[in-house]
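Participant: Okay, here's the structure, questions in a sec.
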Amino acid sequence: MPTTTEPVAEKRPSARRRLLDAASELFYAEGVQSVGIDRIIERAGVAKASLYNSFESKDALVGAYLEERHAGTVGRLTAAIASTELPRERILAVFAAQAELFAEPGFRGCAFAAASTEAPRGGLVEQAADHYRAWILDMFGHLAADAGAADPGMLAAQLQVIYDGAGLGVRMDRRPEVAIAARAAVNALLDAQLPAGR
C-alpha cells in the first residue's frame, strides 16, 4: 500500500533566537548603544514581553550577543588551528582564518572593539571584551610555546598586536588585502623567534 508523506513544516526559531539574531545583526552593523530595544523587537517580530522573558534587559541581550560572538571566534580559530599539525602553520592558520573573515561583505571589524568604545568602564561589555582578549592572547601563547618560540609570551603579545591591527586596518581602510601585510609581518616574527625548521 503506497504511503504519502506530508510536507514537514519548518520549525520557527524561538523568540529568544529571533531576538538574538536581530540584535546580533543590528549591534554589529550599527553599534550596541545606538540600537534601541524597539528596533530589535521589530526586526525579530516578537512581542516586547518576549524580550524581557528571554533576556530580562538590554544589557543581558548585549551580553548574550558578545558571548555568541566570542564562541563563534573560538570555534572558527580552533578549527583553523586543528587543520594542520605543523607548529608554524598552526599560527599562520589563525591569520588565514582572519583573512577569510576580512573578505566577507558584511565585515565591520571586531565586535568587541566596537562595543567597548561605546560602553562605560567596568561594565558587562568591558568584562566580555577582557575575557575575549585574554582568550586570544592565551591561544597565541600556547601556539608560540608549542612552536618552540624563544620568548613565547613576547611572541604571543606581538601576534595579538598584528591580529588586532589587521582587523582595525581592514575596517578603517576597507581593504581586505591588509591580510597579506599581516601574514608577512607574522612570518618575519616567526623567522626571528622560532628554531630553524619549525
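The values are calculated or read from the model by the stated rules, or taken from the named source; none is laboratory data. Everything numeric here is computed off the predicted structure, so don't read it as measured data. Every residue, glycine among them, receives a Cβ derived from its backbone with ideal geometry; neighbour counts consider all protein chains shown.
Participant: Of the residues Arg171, Arg183, which is surrounded by 14 or more Cβ atoms within 10 Å (Cβ to Cβ), touching a residue at least 60 places away in the same chain (Cβ under 8 Å) and more than 19 Å from Ala80 (Cα to Cα)?
Facilitator: Arg171
Participant: Of a type in the set (D, E, K, R), free of Cβ contacts under 8 Å to residues at least 12 places away in the same chain and assigned to a helix (DSSP H, G or I): does that describe Asp164?
Facilitator: no
Participant: Continuing with the same structure: Kindly evaluate Pro152 against the criterion of being surrounded by fewer than 13 Cβ atoms within 10 Å (Cβ to Cβ) and farther than 26 Å from Glu104 by Cβ.
Facilitator: Answer is no for this residue.
Participant: Which pairs have Cβ atoms under 7 Å, sit 6 or more apart or on different chains, and link a residue in segment 12-27 that is surrounded by fewer than 16 Cβ atoms within 10 Å (Cβ to Cβ) to one that is part of a helix (DSSP H, G or I) and modelled with pLDDT under 95?
Facilitator: Matching pairs, first to second residue: none at all.
Participant: Please name all residue pairs, on different chains or six or more residues apart, with Cβ atoms under 8 Å, provided the first residue is in segment 118-135 and is closer than 16 Å to Asp59 by Cβ and the second residue is modelled with pLDDT of 90 or more and hydroxyl-bearing (Ser, Thr, Tyr).
Facilitator: Final answer for the pair search is Glu118/Ser34; Val125/Ser116; Glu126/Ser116; Ala129/Ser116.
Participant: Would you check if Glu100 is under 15 Å from the mean Cα position of the chain (by Cα), of a type in the set (Asp, Glu) and more than 19 Å from Glu67 (Cβ to Cβ)?
Facilitator: yes
Matching residues to (1) modelled with pLDDT under 95; (2) within 24 Å of Glu126 (Cα to Cα); (3) not assigned by TED's automatic domain parsing to the domain that holds Ala96:
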residue	(1), (2), (3)
Phe27	no, yes, yes
Ala49	yes, no, yes
Tyr52	yes, yes, yes
Thr78	no, yes, no
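Participant: Any chance you could count how many residues in segment 136-158 are out of contact with any Phe, Trp or Tyr (no Cβ under 9 Å at 6 or more places or on another chain), in contact (Cβ under 8 Å) with a residue 12 or more places away in the chain, of a type in the set (Gly, Ala, Ser) and not in a loop (DSSP other than H, G, I, E, B)?
Facilitator: Total meeting the criteria: 3.
Participant: Return the only residue of Ala144, Ala157 being hydrophobic (A, V, I, L, M, F, W, C) and in contact with a helix residue (DSSP H, G or I) (Cβ under 6 Å, 6 or more places away or on another chain).
Facilitator: Unique residue meeting the criteria: Ala144.
Participant: Quick one: Asp59 ticks every box in (1) part of a helix (DSSP H, G or I); (2) touching a Lys or Arg at 6+ places or on another chain (Cβ under 6 Å); (3) in contact (Cβ under 8 Å) with a residue 40 or more places away in the chain except a single one, so which number is it?
Facilitator: (2)
Participant: Determine if segment 113-135 includes at least one residue that is under 27 Å from Asp191 (Cβ atoms) and part of a helix (DSSP H, G or I). Talk me through it step by step, then tell me what you get.
Facilitator: Step one: filter segment 113-135 for residues under 27 Å from Asp191 (Cβ atoms), giving 133, 135.
Still in the running and part of a helix (DSSP H, G or I): 133, 135.
Yes, segment 113-135 has at least one match.
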